[in-house]
Amino acid sequence: AQTVTQSQPEMSVQEAETVTLSCTYDTSESDYYLFWYKQPPSRQMILVIRQEAYKQQNATENRFSVNFQKAAKSFSLKISDSQLGDAAMYFCACLGTYKYIFGTGTRLKVLA
Amino acid sequence: GAGVSQSPSNKVTEKGKDVELRCDPISGHTALYWYRQSLGQGLEFLIYFQGNSAPDKSGLPSDRFSAERTGGSVSTLTIQRTQQEDSAVYLCASSHSAGGEKLFFGSGTQLSVL
């Protein structure tokens, strides 16, 4: 079985600052993928970043990067130079064979 | 279409009524998922369709819930005899395959059971 835990229900960051969102997971799969999705008020989930577990190198996507610690089963998201448009719910997800399991989300507030 | 389309966007119903929620995935996407998002909760897996294979229904919370996918495209999630605890956002997502590719989500249906 897979589980995904996001222990921060809400985070705040000052505009232009850096924030890190935490995620831990557990899976019995040897091959899996990890994702961060963003859900703005429109409700439509958007992929932020994706990490293949077999790759040691941390994924980056412009201002977004991850800190993937496979042994610790940790997958945190770092947002640099935060912008007002980054305000949203962020969900961490783990994909094993075909089932995506999501965490409970972290609401990110960006302060002007 | 250009994206995953869900209808209706919002649905208000009375307790005990049946509802149907529709999902039109991206053309060519073989994998289709339904998730339920309750207030303050994460996304709860409901059901998964992959091509012509038997669906994984392991997430359906009760026998009042059912889903079908016709012709490998449009999917309908049906909730019979709705209860107040069924109130939630129902999200549909599709992907080209299930091999680690990202999900494309619709905007969901907000279901309110009075």
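Only the coordinates and a few stated rules stand behind these numbers; no lab work does. As the structure is a computational prediction, the values presented were derived from the model and not from experiment. Glycine gets a Cβ as well: all are built from the backbone with ideal geometry, and neighbour counts include every protein chain shown.
Tell me, A:Tyr90, B:Tyr33, A:Tyr33, A:Tyr54 in order of fewest to most beta-carbon neighbours within 10 Å? Mind dumping the intermediate values first?
Working: A:Tyr90 23, B:Tyr33 27, A:Tyr33 20, A:Tyr54 10.
By the 10 Å Cβ count, ascending, the order reads A:Tyr54, A:Tyr33, A:Tyr90, B:Tyr33.
How many times 2.2 N^0.38 Å is the alpha carbon radius of gyration of region A:1-50?
Dividing the Cα radius of gyration by 2.2 N^0.38 Å gives 1.38.
Quick one: dipole size for chain B, taken about the Cα centre, charges +1 on Lys/Arg Cβ and -1 on Asp/Glu Cβ, in debye to the nearest 20. It would help to have the intermediate numbers written out before the result.
Details: 10 positive and 11 negative charges, 19 e Å.
That gives chain B a dipole magnitude of about 80 debye.
Which of the pairs A:Lys70/B:Lys102; A:Lys38/A:Lys70; B:Lys15/B:Lys102; A:Lys70/B:Lys11 have their Cα atoms more than 32 Å apart in this structure?
Values: A:Lys70/B:Lys102 20 Å; A:Lys38/A:Lys70 22 Å; B:Lys15/B:Lys102 36 Å; A:Lys70/B:Lys11 42 Å.
Check vs 32 Å cut-off fails for B:Lys15/B:Lys102; A:Lys70/B:Lys11.
Springs between alpha-carbon pairs under 10 angstrom, Gaussian network model over chain A: which of A:Thr24, A:Thr60, A:Thr97 fluctuates most?
Looking only at A:Thr24, A:Thr60, A:Thr97, the largest GNM fluctuation is found for A:Thr97.
Quick one: work out Rg over Rh on the C-alpha atoms of region B:73-114, Rh as Kirkwood radius. Mind dumping the intermediate values first?
Numbers: Rg = 13.2 Å, Rh = 12.2 Å.
Reported Rg/Rh (Cα atoms, Kirkwood Rh): 1.08.
When N counts the residues of chain B, how does its alpha-carbon radius of gyration compare numerically with 2.2 N^0.38 Å, as a ratio?
Working: Rg = 13.3 Å, N = 114, 2.2 N^0.38 = 13.3 Å.
Expressed relative to 2.2 N^0.38 Å, the Cα Rg reads 1.00.
Would you look at the GNM of chain A, springs on alpha carbons closer than 10 Å, and say which of A:Ser76, A:Ser30, A:Ser65 moves the most?
A:Ser30
Cα-based Rg (one decimal) and Dmax (whole number) for chain A, in Å?
13.4, 43
Residue by residue through region B:59-66, what is 3J(HN,Hα) from phi via Karplus (6.51 cos²θ - 1.76 cosθ + 1.60, θ = phi - 60°)? Round to whole Hz and write x for glycine and proline.
For region B:59-66, the Karplus curve yields x, 5, x, 7, 6, 6, 9, 8 Hz.
How big is D, in µm² s⁻¹, for the protein assembly as shown by Stokes-Einstein at 20 °C and 1.002 mPa s if Rh is the Kirkwood radius over C-alpha pairs?
Working: Rh = 18.1 Å.
For the chosen part, D equals 118 µm²/s.
For B:Ser75, B:Ser107, B:Ser9, what's the fewest-to-most ordering of other Cβ within 10 Å of each Cβ? Could you put the intermediate results ahead of the total?
Working: B:Ser75 23, B:Ser107 18, B:Ser9 11.
Ordered by Cβ neighbours within 10 Å, fewest first: B:Ser9, B:Ser107, B:Ser75.
Top mean-square fluctuation among A:Ala72, A:Ala16, A:Ala93, Gaussian network model of chain A, C-alpha springs under 10 Å?
The residue with the greatest mean-square fluctuation here is A:Ala72.
What Cys residues in the protein assembly as shown are without a partner cysteine, judged by a Cβ distance under 4.7 Å?
A:Cys94
What does the charge count around A:Glu61 come to, taking other residues whose C-beta lies under 15 Å from its C-beta (Lys +1, Arg +1, Asp -1, Glu -1)? Please list the in-between numbers first.
Working: positive: A:Lys38, A:Arg50, A:Lys55, A:Arg63, A:Lys78, B:Lys102; negative: A:Glu52, A:Asp81, A:Asp86.
Result for the local shell: +3.
Counting other C-beta atoms within 10 Å, which of B:Ile79, A:Ile46, B:Ile26, A:Ile101 has the fewest, and how do the rest follow? Provide the component values of the computation, followed by the final result.
Details: B:Ile79 24, A:Ile46 14, B:Ile26 18, A:Ile101 21.
In increasing order of surrounding Cβ atoms, one gets A:Ile46, B:Ile26, A:Ile101, B:Ile79.
In whole Å, how far is the Cα centre of region B:9-67 from that of region A:19-33?
First find each Cα centre; the distance between them is then 24 Å.
List the aspartates and glutamates whose Cα lies under 16 Å from the Cα of A:Lys99, skipping any in the same chain that are fewer than 8 positions away.
Within the straight-line limit of under 16 Å, A:Lys99 reaches these aspartates and glutamates: A:Asp26, A:Glu29, A:Asp31, A:Glu52, B:Glu44, B:Asp56, B:Glu101.
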